[in-house]
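Asker: Can you keep this structure in mind? I'll have questions shortly.
The values are calculated or read from the model by the stated rules, or taken from the named source; none is laboratory data. Worth saying up front: this structure is predicted, and the values here are computed from it rather than measured. Here the Cβ positions follow ideal geometry from the backbone for every residue, glycine too, while neighbour counts run over all protein chains shown. Accessible surface is based on the protein model in full, side chains and every heavy atom, while ligands, DNA and RNA are left aside. Shrake-Rupley method; radii C 1.70, N 1.55, O 1.52, S 1.80 Å.
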Amino acid sequence: MGFIIMLIVGGLVGWVAGMIMGTDIPGGKIGNIIAGLIGASIGSWLIPGFGPEFGGVSIIPALVGTILLIAIVSIVLQMMHKRR
């Protein structure tokens with residue numbers, strides 16, 4: 001049950017980060033979940049043990065990490081489109 005909650009929290013964090021950044025995450029709902037989980041890993045590495053935790057995911061670091069991930073992915077995708 002904890003894994004399912006972690007996936008839901010990852011998806012919500014990915015969705016909120018996409019709304020904050022004003023850009024869509026490639027892959028739709030699956031992309032939101034993946035970005036949220038990877039972003040949570042990045043955020044917990046940058047800001048360990050900060051803020052409220054739900055489903056094994058610290059919300060604030062996960063949001064910060066996901067925003068950073070979306071920014072990096074957006075920059076890389078823009079650079080790839082310019083090369084074409």
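Asker: Based on the Cβ-Cβ distance of LEU68 and ILE30, what FRET efficiency does E = 1/(1 + (r/R0)^6) give at R0 = 22 Å, to the nearest 0.05?
Answerer: Values: r = 20 Å, r/R0 = 0.91.
Computed FRET efficiency for LEU68 and ILE30: 0.65.
Asker: Starting from the Cα of ILE8, step 7 Å toward the Cβ, then list every residue of segment 43-79 with an amide N under 15 Å from that point.
Answerer: 54-57, by backbone N distance to the label point.
Asker: Please report, as a whole percent, how much of the solvent-accessible surface of the chain comes from carbon and sulfur atoms (probe radius 1.4 Å). Don't jump to the answer; show the numbers that get you there.
Answerer: Details: 4130 of 5600 Å².
Percent of accessible area from carbon and sulfur atoms in the chain: 74.
Asker: Shifting gears a bit: For the chain, what is the accessible area per residue in Å², given a 1.4 Å probe and the full set of protein chains?
Answerer: Ligands and nucleic acids excluded, the result is 67 Å² per residue.
Asker: In degrees between 0 and 90, to the nearest 10, how far off the longest principal axis of the chain does helix 28-46 point, with axes built from Cα atoms?
Answerer: 70 degrees
Asker: With each run of n ≥ 4 DSSP H residues scored as -39500 (n - 2.57), what mean residue ellipticity at 222 nm is computed for the chain after dividing by its residue count and rounding to the nearest 500 deg cm²/dmol?
Answerer: Value at 222 nm, helices only, nearest 500: -26500 deg cm²/dmol.
Asker: Quick check: the angle from helix 2-21's long axis to the longest principal axis of the chain, C-alpha only, nearest 10 degrees?
Answerer: In the chain, helix 2-21 runs at an angle near 40 degrees to the longest axis.
Asker: Turning to a different aspect of this structure: Could you tell me what % of all Cα pairs in the chain have separations over 17 Å? Walk me through the intermediate numbers first.
Answerer: On the way: 1443 of 3486 pairs.
Distances greater than 17 Å cover 41 percent of the Cα pairs.
Asker: Below 8 Å, C-alpha to C-alpha, sequence gap of six or more: please give me the relative contact order for the chain in percent. Show your work: numbers first, answer last.
Answerer: Details: 128 pairs, mean separation 27.0, N = 84.
Reported relative contact order: 32 percent.
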